[in-house]
Amino acid sequence: MRFGLLWICLAGCNLTPEDESPPPMTADTARASNTGPPTDTGEPTDTGTPKLSCSAPDPLGPWAEHPIAAAGSTVQRRRLSNSSSLFSVREAAFAATQAKPVSIAVSGAIVTAVADLSDDASRATLWAEDMDGPVVADNVEVDNSGLIAPGDRVNFTVTEVANISGGPHVTALLNFDIDGVENEIPVLDGNATALSYEAHGERIVEIWGEVTAEQGPCGSFTCFEVTYGDDKLITYPTTPKTVAVGDCVHYLGPLDQQDTLQFDASNAAWVRIYPAEMQP
């Protein structure tokens, strides 16, 4: 499980189209392809890959209990166009073979995800992003961490970075300050994108699909296989008490990677189980 990340964008930033993704799928377009069961001609039919039983969740985007919705923020299917100096943070972090002291001021970033560290009000794990991509703020010391929410516009000074499992991490910062709330958060349509950690790691992604296998223990969790999009696979670390093979899952959170791409397990509120009401 990855420590949490912080995503950031500037307030009032103009957004440019997401070059790597086609237009997002909606529940209506997913259902428009459902023309009912095929006519029985008496001949065997073999379509190659069995269809999954999970249709697109309705609605797509953050549901009522999701942290983005709870914070009063909204999402956009486009990348950000403003810089908050995260390019310099990412560059230093990727080059760091161990924890590296730096001094980089970040100004006007948007928090896009916050891990669940409710037992410690003095520390936070956050995701942040601007036009140059995301960084992860891992278990950093901040004041009043319980006040931080997705959509916040923040300023801080990065004092230490590290490359952790190929991801750019902030491991220490100073002067964390919130100067705006309820900003738009860039979310990538994972079902319509050929995801990779190199290209999309630690960005906020939306994925829906079916739990198709139990993979076994992974750290303190049990890992499950989720099949989504065009027969793509991703790992869902959780507990057997919360999910079972055949369940439909909807994830809206950071794209993590351990041995394979996976949902980040830092906040259970990023995942919901929903009923398979119709065949896609």
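The values are calculated or read from the model by the stated rules, or taken from the named source; none is laboratory data. Bear in mind the structure is a predicted one, so any value in this text is a computation, not a measurement. Glycine gets a Cβ as well: all are built from the backbone with ideal geometry, and neighbour counts include every protein chain shown. Accessible surface is based on the protein model in full, side chains and every heavy atom, while ligands, DNA and RNA are left aside. Shrake-Rupley method; radii C 1.70, N 1.55, O 1.52, S 1.80 Å.
Matching residues to (1) modelled with pLDDT under 95; (2) over 19 Å from the mean Cα position of the chain (by Cα):
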{"residue": "Ala128", "(1), (2)": "no, no"}
{"residue": "Met131", "(1), (2)": "yes, no"}
{"residue": "Thr159", "(1), (2)": "no, yes"}
{"residue": "Ala172", "(1), (2)": "no, yes"}
{"residue": "Asn175", "(1), (2)": "no, yes"}
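Return the residues of the stretch 243-258 that are open to solvent by 20 Å² or more (accessible area, probe 1.4 Å) and either under 22 Å from Ser53 (Cα atoms) or more than 17 Å from the chain's Cα centre (by Cα) (or both); say none if nothing qualifies. Can you show your working first?
Residues of the stretch 243-258 that are open to solvent by 20 Å² or more (accessible area, probe 1.4 Å), as a first pass: 244-247, 257-258.
Those that are open to solvent by 20 Å² or more (accessible area, probe 1.4 Å) and either under 22 Å from Ser53 (Cα atoms) or more than 17 Å from the chain's Cα centre (by Cα) (or both): Ala244, Val245, Gly246, Asp247.
Restricting attention to the stretch 217-242, which residues are within 18 Å of Ala56 (Cα to Cα), open to solvent by less than 20 Å² (accessible area, probe 1.4 Å) and over 14 Å from the mean Cα position of the chain (by Cα)?
Val226, Thr227, Tyr228
Check Ser83 against each of (1) of a type outside the set (Phe, Trp, Tyr); (2) surrounded by 18 or more Cβ atoms within 10 Å (Cβ to Cβ); (3) closer than 19 Å to Arg203 by Cα; (4) more than 20 Å from the chain's Cα centre (by Cα) and name the one condition it does not meet.
Of the numbered conditions (1) of a type outside the set (Phe, Trp, Tyr); (2) surrounded by 18 or more Cβ atoms within 10 Å (Cβ to Cβ); (3) closer than 19 Å to Arg203 by Cα; (4) more than 20 Å from the chain's Cα centre (by Cα), the odd one out for Ser83 is (2).
Just wondering, is there one or more residues in the stretch 159-178 that are open to solvent by less than 20 Å² (accessible area, probe 1.4 Å), touching a Lys or Arg at 6+ places or on another chain (Cβ under 8 Å), of a type in the set (S, T, N, Q) and over 18 Å from Gly108 (Cβ atoms)?
Going residue by residue through the stretch 159-178, those that are open to solvent by less than 20 Å² (accessible area, probe 1.4 Å) are 161-162, 167-170, 173.
Cutting the leftovers down to touching a Lys or Arg at 6+ places or on another chain (Cβ under 8 Å) gives us 161-162, 167-168.
Now drop any that are not of a type in the set (S, T, N, Q), which leaves none.
No, there is no match, as no residue in the stretch 159-178 is open to solvent by less than 20 Å² (accessible area, probe 1.4 Å), touching a Lys or Arg at 6+ places or on another chain (Cβ under 8 Å), of a type in the set (S, T, N, Q) and over 18 Å from Gly108 (Cβ atoms).
Taking the residues in the stretch 91-115 that are closer than 17 Å to Leu252 by Cα and assigned to a strand (DSSP E or B) as candidates, determine which candidate is most open to solvent (accessible area, probe 1.4 Å).
Applying the first criterion (closer than 17 Å to Leu252 by Cα) to the stretch 91-115 yields 110-115.
Checking the rest, the ones that are also assigned to a strand (DSSP E or B) come to 110-114.
Numbers: Ile110: 0, Val111: 0, Thr112: 3, Ala113: 3, Val114: 25 Å².
Out of the qualifying residues, it is Val114.
Name the one entry in Asp231, Asp189 that is farther than 24 Å from Pro67 by Cα, among the charged types (D, E, K, R) and touching a residue at least 60 places away in the same chain (Cβ under 8 Å). Steps first, please.
Numbers: Asp189 fails: farther than 24 Å from Pro67 by Cα.
None of the others qualify; the one that does is Asp231.
Val142 is checked against (1) touching a residue at least 40 places away in the same chain (Cβ under 8 Å); (2) surrounded by 18 or more Cβ atoms within 10 Å (Cβ to Cβ) and fails just one. What number does that condition carry?
(1)
Need the failing condition index for Glu277 against (1) within 23 Å of Ile164 (Cβ to Cβ); (2) among the acidic types (Asp, Glu); (3) at pLDDT below 95, just the number.
Just one mismatch for Glu277, condition (1).
Within the group Glu206, Glu214, which residue is open to solvent by 40 Å² or more (accessible area, probe 1.4 Å), in a strand (DSSP E or B) and either among the β-branched types (Val, Ile, Thr) or farther than 30 Å from Ser122 by Cβ (or both)? Reasoning before the result, please.
Values: Glu206 fails: open to solvent by 40 Å² or more (accessible area, probe 1.4 Å).
Exactly one residue qualifies, and that residue is Glu214.
When both residues are 6+ apart or on different chains and their Cβ atoms are under 6 Å apart, which pairs have a first residue that lies in the stretch 149-172 and is closer than 21 Å to Asn183 by Cα, and a second that is of a type in the set (Ser, Thr, Tyr) and outside any loop (DSSP other than H, G, I, E, B)?
So the pair list comes out as Pro150/Thr112; Asn155/Ser107.
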